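S.K.: Submitted below is the structure of interest, expressed as structure tokens.
The values are calculated or read from the model by the stated rules, or taken from the named source; none is laboratory data. Worth saying up front: this structure is predicted, and the values here are computed from it rather than measured. Don't worry about glycine lacking a Cβ; one is built from the backbone with ideal geometry, like all the others, and counts go over all protein chains shown.
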Amino acid sequence: MKKKNNTKKLLRVYDLLFEKFGPRYWWPGETRLEVIVGAILTQNTSWSNVEKAITNLKQHKLLSVKGLSGTDEKTLSGLIRPAGYFNVKAGRLKNFLRFLNTAYNGSIDRMFGSGTPELRRELLAVNGIGPETADSILLYAGNKPVFVIDAYTKRIFSRHGFLRPDCEYEDAQAMFMENLPPEPRLFNEYHALIVELGKNLCRPGKPLCNRCPIRRIKNG
């Protein structure tokens, strides 16, 4: 499949999803730090649970770099308990904060002033931050043109012939980034629409194909 044909089809998929679901206003968060915290906490849990954890942090006035850095890990674990795996995730938050404080003197603005490839490498070096979390931070908090890949993306686009079911993260990401204009706003909305389709229609066991807005689009 030629690149220009992939581009046309991927943009058509986007248009159909947007027509079906409308703007998703994702990622919810009042600050970039809140988005980053949400990206770390949402691993292996639902967003509703993450919201409860973030609400706890806000109620205790700890949702700041200084507040989180000054909170001991045990206390932090208790506050983010609704997000599940709270001890592990408290450790991951602390790992990120140590990185931020050491490399960028606690400044999120300074961190996002770094080049995207360099910052991505640095984030991936933080214990507990994998590609999906790093790219969510870059795209949603940093407004960087990085396409986020998740299980929904692989499931939907393998079913439609764009990806192999067992493809690597980087291969799936390249398919989008090499065929779409590098616009953070587009990447943001596109990924959010993919999540909406994956949650509601393109399910793992019993997909509701008759209701899928992109059911007629096949690649290959």
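S.K.: Do we have residue 172 as under 19 Å from residue 20 (Cβ atoms) and among the small types (Gly, Ala, Ser) here?
M.R.: no
S.K.: Ok, one more. I'm trying to understand the selection: among the residues of segment 192-215, which are free of Cβ contacts under 8 Å to residues at least 60 places away in the same chain and either assigned to a helix (DSSP H, G or I) or buried (at least 16 other Cβ atoms within 10 Å of the Cβ) (or both)? Write out each step before concluding.
M.R.: Within segment 192-215, the first condition is being free of Cβ contacts under 8 Å to residues at least 60 places away in the same chain, and the residues that meet it are 198-212, 215.
The answer is 198, 199, 200, 201, 202, 207, 209, 210, 211, 212, 215.
S.K.: With the condition kept exactly as written, say whether any residue in segment 106-129 is touching a residue at least 60 places away in the same chain (Cβ under 8 Å), closer than 24 Å to residue 177 by Cα, part of a loop (DSSP other than H, G, I, E, B) and out of contact with any Asp or Glu (no Cβ under 9 Å at 6 or more places or on another chain).
M.R.: Here is the first cut: in segment 106-129, the ones touching a residue at least 60 places away in the same chain (Cβ under 8 Å) are 108, 112, 128-129.
Add one more test, that the residue is closer than 24 Å to residue 177 by Cα, and what stays is 112, 129.
Now narrow it down to the ones that are part of a loop (DSSP other than H, G, I, E, B): 129.
In the following step, the residues that additionally are out of contact with any Asp or Glu (no Cβ under 9 Å at 6 or more places or on another chain) were identified as 129.
Scanning segment 106-129, I find at least one residue that is touching a residue at least 60 places away in the same chain (Cβ under 8 Å), closer than 24 Å to residue 177 by Cα, part of a loop (DSSP other than H, G, I, E, B) and out of contact with any Asp or Glu (no Cβ under 9 Å at 6 or more places or on another chain), so the answer is yes.
S.K.: Report yes if some residue within segment 137-147 is part of a helix (DSSP H, G or I), out of contact with any Asp or Glu (no Cβ under 8 Å at 6 or more places or on another chain), touching a residue at least 12 places away in the same chain (Cβ under 8 Å) and among the polar types (S, T, N, Q); otherwise report no.
M.R.: Going through segment 137-147, the residues part of a helix (DSSP H, G or I) turn out to be 137-141.
This time we only want the ones that are out of contact with any Asp or Glu (no Cβ under 8 Å at 6 or more places or on another chain), so: 137-141.
After this cut, where a residue has to be touching a residue at least 12 places away in the same chain (Cβ under 8 Å) as well, the list is 137-141.
Right, trim to among the polar types (S, T, N, Q) and you get none.
No, segment 137-147 has no match at all.
S.K.: Of the residues 94, 89, 66, which single one is modelled with pLDDT of 95 or more, within 18 Å of the chain's Cα centre (by Cα) and not assigned by TED's automatic domain parsing to the domain that holds residue 156?
M.R.: After ruling out the rest, the residue left standing is 89.
S.K.: Taking the options 71, 45, 31, 55, name whichever one is of a type in the set (Val, Ile, Thr) and touching a Leu at 6+ places or on another chain (Cβ under 6 Å).
M.R.: Checking each option against the conditions leaves just 71.
S.K.: Now, a different point. On the basis of being under 12 Å from the mean Cα position of the chain (by Cα) and at pLDDT 95 or above, does residue 114 make the cut?
M.R.: No, not satisfied.
S.K.: Name the single residue that is surrounded by the fewest Cβ atoms within 10 Å (Cβ to Cβ) among those in segment 113-169 being closer than 23 Å to residue 17 by Cβ and β-branched (Val, Ile, Thr).
M.R.: Within segment 113-169, the match that is surrounded by the fewest Cβ atoms within 10 Å (Cβ to Cβ) is 156.
S.K.: Only residues in segment 27-39 that are over 19 Å from residue 195 (Cβ atoms) count as the first member; pair them with residues that are of a type in the set (Gly, Ala, Ser), Cβ under 6 angstrom, at least 6 apart or cross-chain, and list the lot.
M.R.: Matching pairs, first to second residue: 32/141.
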